[in-house]
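Heads up, the thing below is written out as structure tokens.
The values are calculated or read from the model by the stated rules, or taken from the named source; none is laboratory data. Predicted model, so just to flag it, every value in this text is computed and none were measured. FYI the Cβ positions are ideal-geometry reconstructions off the backbone, even for glycines, and counts take in every protein chain you see.
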Amino acid sequence: MSFLELKDLRIHFPTDDGLVKSVDGLSFSLERGKTLGIVGESGSGKSVTSLGILGLHKGGRARISGEIWLDGEELVSASAEHVRTLRGKKMAMIFQDPLSSMHPFYTVGQQIVEAYRIHNDVSKKVARKHAIDLLGRVGIPQPDRRVDSYPHEFSGGMRQRAMIAMALSCDPELLIADEPTTALDVTVQAQILDLMRDLQRDFNAALIIITHDLGVVAELSDDILVMYGGKCIEYGTTEDIFERPEHPYTWGLLGSMPRLDREPTERLLPIKGSPPSLINVPSGCAFHPRCAFEDRTEGRAKTEVPELLETEGGHLVRCHMPRDLRRAIWENEIKPNLEAAS
Amino acid sequence: MTRRSLVVATLSGALLLGVAACGGGSTSTSPSGGSTGEAAAPAAADAFNAGIGKVFNPSDKKGGVIKFAISDDFDSVDPADTYYGFAWDFLRVYGRSLVTYKPAPGQEGNQVVPDLAESLGQASDDNKTWTYKLRTGVKFEDGTPVKSADVKYAVLRSLDKKTFPNGPTYFNDWLDLPKDFVSVYKTPDVKTDSAIETPDDQTIVFHLKKGYAGFDNFAALPGTIPVPQAKDTGVKYREHVVATGPYMFKSAEAGKGYSLVRNPNWDQATDQIRKALPDGYEIEAKANADDLDNRLISGDVQVDLAGTGVQPAALSRVLGDPALKARSDNPTAARTWYWSIIGDVKPLDNLDCRKAIQFAADKVALQTAYNGPFAGGDIATSLMPPSIAGHQDFNLYPAGADNHGDVAKAKEALTACGQPNGFAINAAYRADRPKEKQAGEALQQALARVGIKLTLKGYPAGDYFALYAGKPSFNKENNIGLAANGWGADWNDGFGFLSQIVDSRTIREAGNYNMSVKDPAVDALIDKAMTTADATARNGVWAEVDKKVMEDSYVLPAVWAKALTVRGKGLTNVFVNDAYGLYDYLALGVQ
Amino acid sequence: MVTYLIRRLIGAVVMLAVVSMVTFSIFFVVPRWAGATPVDMATRYVGRTASAEMAQVAAQRLGFLDPVIVQYGRWVKAIFVGADYDYGAGVEHCSAPCFGYSFLSRLPVWPDMLDRLPVTASLAIGAAVIWLIAGVATGVLSALKRGSFFDRAAMSVALAGVSLPIFFTGLVSLVVFSYGNPFRVTAPGSTYTPFEQNPATWAYNLLLPWITLAFLYAAGYARLTRAGMLETMGEDYIRTARAKGLPERSVVVRHGLRAALTPIITIFGLDFGLLLGGAVLTESTFSLPGIGKYAIDAIIANDLPKVMGVTMLAAFFVVFASLIVDLLYAVVDPRVRLS
């Protein structure tokens, strides 16, 4: 069994308007030292998945089913209290927008110390020393001084580094980064991504990066999982996704990806339409209302839910179009356009 | 504010009640108090009005402390500076005036009896010189014997209205003072023997400017309670009044409370009217009025010092509960609630127009407005209330068979006055007195039946007389033809009740209590009363004054006031003294 | 920081001066516009059968005959250097700070107020402790159990609490818990015992006023806390705290409540300051001889120097409380820096 394994995870929220199926039958696995990128638009269920792994939906209104195995332990059926003791220690999370994610009334040091002392029975003094070390390690200059600063006194990039330091305080074996660079400008983004790569190597943790931007995971991930409407619609190695993508949605994501090697003046190719409602999911393939190739499925797209099938060597795709047709479309219609643009 | 002002209202209106000046009356010195209760039944049964006309729960048991409370406060506990009826009743426990009203139930309470003096005053033939002999052996609380000079000093200091603005002014008006006398503080060396002489330590002689046969009522005023000059601190004397009665102040904090304990230098042998039953008194000032009623009912407080009756909330509770009603009394007060009909305002300068108002008024609605028969009072048909000596029942303006007004007669009167379709005037009342507002509304409805349109105007009670209805020019400018009013007697004779409210010669620029009565014939009758030596004849003249005022129709009487009071739990010797219209505080004891 | 403080202190003094001028005008200038002469105004303070000459004398004694500006100047001067008052048998020096001399009780106002301040302070402090604890706890629980029976019941009671006037809740609670009740929980009104005399009796006698007053405020604070908690518990940093593995209690208290308390501290400071200036309704309902009772009695009796004194004292507490709140805010919320 892998270090982290999700089996048919479902997270549904009952609301006044109906049942919101935020995550609907998600399975994947991840080994120590490996990085998985989960990509999708907002509302695709990727953040709900990460919070679900951490057990943060427990005790709320969410209905959770399926299995989450972490290092041989099943977490869905485990008690909330047990999962809490794992949180922050065995698995940790880095959030988007560190300004709102850090408490404004406590110093950065206090917040790291707090995280450390929940799981380690040490004195405040020792914990503080540890916090300074961590801040130094994530590249914050003069950490012994900055440890007493408040989050609002940091710049955006520094704040994200502090956030990372806090997540790393207990040497987690699973690290989940939710849009870790979204709030940052481009050069800082690159620095943070470099930092995360270095740290992952040092810590040998399993890393999940959640993003709507394929560019972020291109360099960092071993595998990529593309989510749409609460389901995985394509899964494969980074090479699979970038070189041989087979799902029309993935093609759309690739087309709308800003790339450093492109001229910034060039137009991106956005995906038409908007993300699906999670209450009244479109019939058949959830993506069909936005799909340019819906007419090539002999009408099945509107009626039948496609299955996630292996196309080749662990590369999974959820699409009604035959494999050959998908490959032909990619090679003949999509790839040349993308290359022409570059 | 409204809730409280009710209390304030009744208080300031109530002021004083006093006694029957049965002229020079009886010289009885019978040992007092509940002398009528010799056949003392143990723990008397509760009954409505059990404290009126007789002694409830008579007892000679000593000890215990009586708890008083009041929603307002004393104007001052200094005898020279108080004008509240309850204060005149209460201060007898610590001060002894020359004479006082007999602590006895019913009519007997109206008798003036000697206290500090050995007997009532000896008048000269022209009633201008009055002589009193002091008892021997009376001492101040510090053991110093009381001398006639102390009484003289007390009366003289009370004349200083700059220092003591609250008290009555009878001595100022009647004593034959030298021109250059200002006050005991400013002109201490001016000889005052022309007004008061003290030929020896036990004798005091008063000289009046003109004769007055009822002088014993003056001698009963708190102003004659002796004050040792050495201890006089002017205004500050109220912080420690030196006692001559059986109790002295342990503490006196204006606005908070007072506590009195036994005075070791009081000697029962010198005192024939006091039994001095309790060991002391606690008085709490500025209590919440509704809270006070509830505590009175529950027994946490034994006496409502003001004695003006329970609040509307407790009233319905007491009347509705037979057990509670049996613990209550309904004494009459020497007080009338009425409306002045102001002849300065057209068309009320015409007698018939004024009469139209009398006939049109709904007397039952007015009584209801003033809180009904128990807490309000009896329907009044003239200004002078029945408890005043010489009162005669008459009704010049019968308000129909059911007392709801005589519309036909009112219309007749309007026609006679040349206003057959009625007229419009304004009516003033004290805005923070709900009863007066209700009465105004009752009048508004009743008068509308004959076309008299009344517009009600509320004014602040504190300035009602100084700035509004008590100011003739204001009434003229604002077309105020009717104004709510009320008056209580200083003591229970015509002089004590009427002299301040019907004499047109007292009317000044502002601050008038007499807002409407301007008739030379009335003034002449007042002068006649003052010079009539015989008490019965004199009382007859006052009754004539009352009648003349009603003939002139300057006053629309509403009710002769009554109050519903609750007898505190565990009290003995409870009875209402007619002189004050209150429980006699001198006689009370605890079981 | 120091310049900020100095600026605020100057502002506070100016504010107090303005309050004093406005109050003074209301009582001494406005009646004149309404046509009252100084002698008319003095008529209130003489006995009921006073002659015109006596009113004149009283007007003179009370200083009404001088121009208003002179009267105001005299009032201000007395605060700093004191004043002398003739009390008949002699002259009394009312030493600084002399906030006037009562027309009626003929006592200096300042010692009177100092005398009553402990009553109001006792009432305010006790009630504040109760309402802070009860209000905040109820608010937090309501927010955490939003939509539950507890939440609905607590918020209904809170609505009643903010709507029902003190003189109603006060009298009802007296009837239920005090009068004639053999198991009475507390003493009836107006039985204030100084703390230094007997702390147990002090608390026993004040229990009902405390609870009644606290009920009014607790209701507001519960609603406020609930709203604040609902907002902060949805914040990102609460999710972060949970992701750290913090126990829920710490999440709620250290992270949620800490942030939600900030606006409550502000309001608490002002409420408390206002209360020190006199809890008029509570004090009159329970006949407690505090500043509020003093004020209402003075207003009813038209005793203007007392009214002036109480107004100034209340204004002082409010201005001072708002200053403290502003300073405290910087301590509580590090994002606020005073410059």
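If you check every pair at least six apart or on different chains, which have Cβ atoms under 6 Å apart with a residue in segment C:197-226 that is among the β-branched types (Val, Ile, Thr) first and a residue that is outside any helix (DSSP H, G or I) second? Short answer, once both residue conditions are applied: C:THR201/C:THR193. State yes or no: is B:PRO178 under 30 Å from C:TYR85 (Cα atoms), in a loop (DSSP other than H, G, I, E, B) and within 11 Å of chain C (Cβ to nearest Cβ)? Against the criterion (under 30 Å from C:TYR85 (Cα atoms), in a loop (DSSP other than H, G, I, E, B) and within 11 Å of chain C (Cβ to nearest Cβ)), B:PRO178 does not qualify.
Of the residues that sit in segment C:96-105 and are modelled with pLDDT under 80 and either over 12 Å from C:ALA298 (Cβ atoms) or buried (at least 22 other Cβ atoms within 10 Å of the Cβ) (or both), which one is farthest from the other protein chains (Cβ to nearest Cβ)? Here the answer is C:ALA96. Right, C:THR266: more than 13 Å from every other protein chain (Cβ to nearest Cβ), of a type in the set (S, T, N, Q), in contact with a Phe, Trp or Tyr (Cβ under 8 Å, 6 or more places away or on another chain) and over 26 Å from C:PHE99 (Cβ atoms) or not? Yes: the conditions hold for C:THR266. When the strands (runs of 3 or more DSSP E) confined to segment A:1-47 are screened for residues that are surrounded by fewer than 19 Cβ atoms within 10 Å (Cβ to Cβ), those reaching at least 1 such residues are found at A:4-15, A:18-30.
Please go through segment C:188-211 and pick out each residue that is crowded, with 20+ Cβ neighbours inside 10 Å and either at pLDDT below 80 or on the phi > 0 side of the Ramachandran plot (or both).
Those that are crowded, with 20+ Cβ neighbours inside 10 Å and either at pLDDT below 80 or on the phi > 0 side of the Ramachandran plot (or both): C:PRO188, C:GLY189, C:SER190, C:TYR192.
Screening A:ALA115 on (1) of a type outside the set (Val, Ile, Thr); (2) part of a helix (DSSP H, G or I); (3) more than 7 Å from every other protein chain (Cβ to nearest Cβ) shows it passes everything except condition (3).
The set of residues from segment B:365-406 being in a helix (DSSP H, G or I), small (Gly, Ala, Ser) and surrounded by fewer than 24 Cβ atoms within 10 Å (Cβ to Cβ) comprises B:ALA365, B:ALA369, B:GLY372.
Are there any pairs with C-beta distances below 7 angstrom linking a residue in segment B:555-573 that is farther than 16 Å from B:LYS435 by Cα and in a loop (DSSP other than H, G, I, E, B) to a residue that is among the basic types (Lys, Arg) and modelled with pLDDT under 95, with the two at least 6 apart or on different chains, and if so which? Short answer, once both residue conditions are applied: B:ARG567/B:ARG327. Surrounded by 24 or more Cβ atoms within 10 Å (Cβ to Cβ), in contact (Cβ under 8 Å) with a residue 60 or more places away in the chain and among the basic types (Lys, Arg): does that describe B:LYS355? The answer is no for B:LYS355. Is one or more of the residues making up segment B:257-280 over 27 Å from B:GLN111 (Cβ atoms) and either under 23 Å from the mean Cα position of the chain (by Cα) or crowded, with 24+ Cβ neighbours inside 10 Å (or both)? Yes, because at least one residue in segment B:257-280 is over 27 Å from B:GLN111 (Cβ atoms) and either under 23 Å from the mean Cα position of the chain (by Cα) or crowded, with 24+ Cβ neighbours inside 10 Å (or both).
A quick yes/no check of all residues on (1) farther than 22 Å from B:GLU141 by Cα; (2) out of contact with any strand residue (DSSP E or B) (no Cβ under 9 Å at 6 or more places or on another chain):
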| site | (1), (2) |
| --- | --- |
| B:ILE196 | yes, no |
| B:ASP201 | no, no |
| B:LYS210 | yes, yes |
| B:PHE218 | yes, no |
| B:LEU221 | no, yes |
| B:GLN229 | no, yes |
| B:ASP232 | no, yes |
| B:LYS236 | no, no |
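Taken over segment B:428-475, the criterion of being over 15 Å from B:GLY486 (Cβ atoms), among the small types (Gly, Ala, Ser) and part of a strand (DSSP E or B) is satisfied by B:GLY458 alone.
Pairing each residue of segment C:250-262 that is part of a helix (DSSP H, G or I) with any residue that is of a type in the set (S, T, N, Q), provided the two are 6+ apart or on different chains, yields C-beta distances under 7 Å for C:GLY256/C:THR232; C:ALA259/C:THR232; C:ALA260/C:THR225; C:ALA260/C:THR232. Condition test on B:SER298, is it touching a Gly at 6+ places or on another chain (Cβ under 8 Å), within 8 Å of chain C (Cβ to nearest Cβ) and hydroxyl-bearing (Ser, Thr, Tyr)? Yes.
A quick yes/no check of all residues on (1) more than 8 Å from chain C (Cβ to nearest Cβ); (2) assigned to a strand (DSSP E or B):
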residue: B:VAL235; (1), (2): no, no
residue: B:GLY245; (1), (2): yes, no
residue: B:LEU260; (1), (2): yes, yes
residue: B:ALA287; (1), (2): no, no
residue: B:ASN294; (1), (2): no, no
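Listed here are the residues, each with its yes/no results for (1) of a type in the set (D, E, K, R); (2) touching a residue at least 12 places away in the same chain (Cβ under 8 Å); (3) in contact with a Cys (Cβ under 9 Å, 6 or more places away or on another chain); (4) part of a helix (DSSP H, G or I).
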site: B:SER71; (1), (2), (3), (4): no, yes, no, no
site: B:LEU91; (1), (2), (3), (4): no, yes, no, yes
site: B:ALA104; (1), (2), (3), (4): no, yes, no, no
site: B:LEU120; (1), (2), (3), (4): no, yes, no, no
site: B:ASN127; (1), (2), (3), (4): no, yes, no, no
site: B:LEU156; (1), (2), (3), (4): no, yes, no, yes
site: B:ASP160; (1), (2), (3), (4): yes, yes, no, no
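Listed by first and then second residue, the pairs linking a residue in segment A:276-288 that is assigned by TED's automatic domain parsing to the domain that holds A:CYS232 to a residue that is at pLDDT 85 or above and acidic (Asp, Glu), with Cβ atoms under 6 Å apart and 6 or more places separating them unless they lie on different chains, are A:ILE279/A:ASP17; A:GLY284/A:GLU304. Residues in segment A:87-106 that are facing chain C (nearest Cβ under 8 Å) and not hydrophobic (A, V, I, L, M, F, W, C): how many? Residues meeting the conditions: 8. Anything in segment C:308-339 that is without any contact (Cβ under 8 Å) to a residue 60 or more places away in the chain and in contact with a Pro (Cβ under 8 Å, 6 or more places away or on another chain)? List them, or say none. Across segment C:308-339, the qualifying residues are C:PRO334, C:ARG335. Within the bounds of segment C:70-85, is there any residue that is at pLDDT below 80, surrounded by 17 or more Cβ atoms within 10 Å (Cβ to Cβ) and either part of a loop (DSSP other than H, G, I, E, B) or at the interface with chain B (Cβ under 10 Å from one of its Cβ atoms) (or both)? Looking through segment C:70-85, at least one residue is at pLDDT below 80, surrounded by 17 or more Cβ atoms within 10 Å (Cβ to Cβ) and either part of a loop (DSSP other than H, G, I, E, B) or at the interface with chain B (Cβ under 10 Å from one of its Cβ atoms) (or both). Picking from residues in segment C:235-249 that are part of a helix (DSSP H, G or I) and closer than 14 Å to A:GLU114 by Cβ, the one that is farthest from the other protein chains (Cβ to nearest Cβ) is C:ARG249.
Looking only at segment C:30-37, decide whether some residue is part of a helix (DSSP H, G or I), within 12 Å of another protein chain (Cβ to nearest Cβ) and small (Gly, Ala, Ser). Looking for residues that are part of a helix (DSSP H, G or I), within 12 Å of another protein chain (Cβ to nearest Cβ) and small (Gly, Ala, Ser), one finds none in segment C:30-37, hence no. Candidates A:LEU207, A:LEU214, A:LEU199: the one that is aliphatic (A, V, I, L, M), closer than 20 Å to A:MET91 by Cα, at pLDDT below 90 and in the same structural domain as A:GLY40 (by TED's automatic domain parsing) is A:LEU199. Residue count for segment B:471-486 under the criterion of being crowded, with 24+ Cβ neighbours inside 10 Å and more than 9 Å from every other protein chain (Cβ to nearest Cβ): the result is 8. Evaluation of A:ARG84 against the conditions (1) among the charged types (D, E, K, R); (2) closer than 22 Å to A:LEU51 by Cβ; (3) assigned by TED's automatic domain parsing to the domain that holds A:ALA162 shows that the sole unmet condition is (3).
Considering segment B:426-454, the residues that are polar (S, T, N, Q) and under 24 Å from B:GLY372 (Cα atoms) include one that is farthest from the other protein chains (Cβ to nearest Cβ), namely B:GLN445.
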